[in-house]
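What follows is a single structure, written as structure tokens, with notes after it.
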Amino acid sequence: MYKIKVNASNDFEISKEQAEALDAVENSTNHFHILQDNTSIKASIIHSDFNKKLYSVKVNNNIYEVDIYNQLDQQIEALGFEIGASQQVSDIKAPMPGLILEINVTEGQEVKENDTLLILEAMKMENALTSPRDGVIKSIAVKQGETVDKNALLIEFE
């Protein structure tokens, strides 16, 4: 079962069988002709982000933002975790108590998603904490060699 959200407001559920039964023919790359209930529909994919499962689809000259959640995405959401980058993270907190071994960023620095921000040693293991999003470092609340408790503020984003 797929959960589909259109324009962040309308939710639909479509089974795999329903998706496979859709009478759609690709005319050219990302341009489709769909026949539904004897009605002809022209659709094209304007923009797609496969990793975030986010698509901009033009249907009969109207553009729709479409999010597609598969069964795993729905289970993750049910557990209370955020899917994709829709959650704007504004700070990084220590996931466990430990020692700040290395700080790889400075205040005002622009970072990309997955850039290493700092190294936290915990239980004799080095843990690289990476940026959850693109952004600019607003402040760094710790210093190299400092010991931190779980949930201690480490870095803030602008």
Cross-link pairs Lys58/Lys112; Lys52/Lys138; Lys3/Lys150; Lys53/Lys124; Lys16/Lys112; Lys42/Lys112 - those with Cα-Cα distance over 32 Å: Lys3/Lys150; Lys53/Lys124; Lys16/Lys112; Lys42/Lys112
Computed E for Val136/Leu101 - FRET, C-beta separation, R0 22 angstrom, nearest 0.05: 0.40
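Given a Förster distance of 30 Å, report the FRET efficiency between Met123 and Ser56 from their Cβ-Cβ distance, rounded to the nearest 0.05. Don't jump to the answer; show the numbers that get you there.
On the way: r = 45 Å, r/R0 = 1.50.
Between Met123 and Ser56 the formula returns 0.10.
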Dipole magnitude of the stretch 91-157 about its Cα centre (Cβ charges: Lys, Arg +1; Asp, Glu -1), debye to nearest 20: 160 debye
Where trypsin sites (Lys or Arg not before Pro) in DSSP loops with at most 16 other Cβ within 10 Å are excluded, longest remaining stretch of the chain: 53-111
Long-range tail of P(r) for the stretch 2-78 (Cα pairs > 21 Å, %): 28 percent
Phi-based couplings in Hz for the stretch 8-15 (Karplus 6.51, -1.76, 1.60; Gly and Pro marked x): 6, 9, 9, 9, 9, 10, 10, 7
Kirkwood estimate for the chain, i.e. one over the average of 1/r between Cα atoms, Å: 19.0 Å
Val25-His47 FRET efficiency (beta carbon distance; Förster radius 22 Å; 0.05 resolution): 0.55
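Each value in this text was obtained by applying a stated rule to the coordinates, not by laboratory testing. The structure presented is a predicted model; accordingly, all values stated were derived computationally and were not measured. Neighbour counts run over all protein chains shown; Cβ positions are idealised from the backbone, glycine included.
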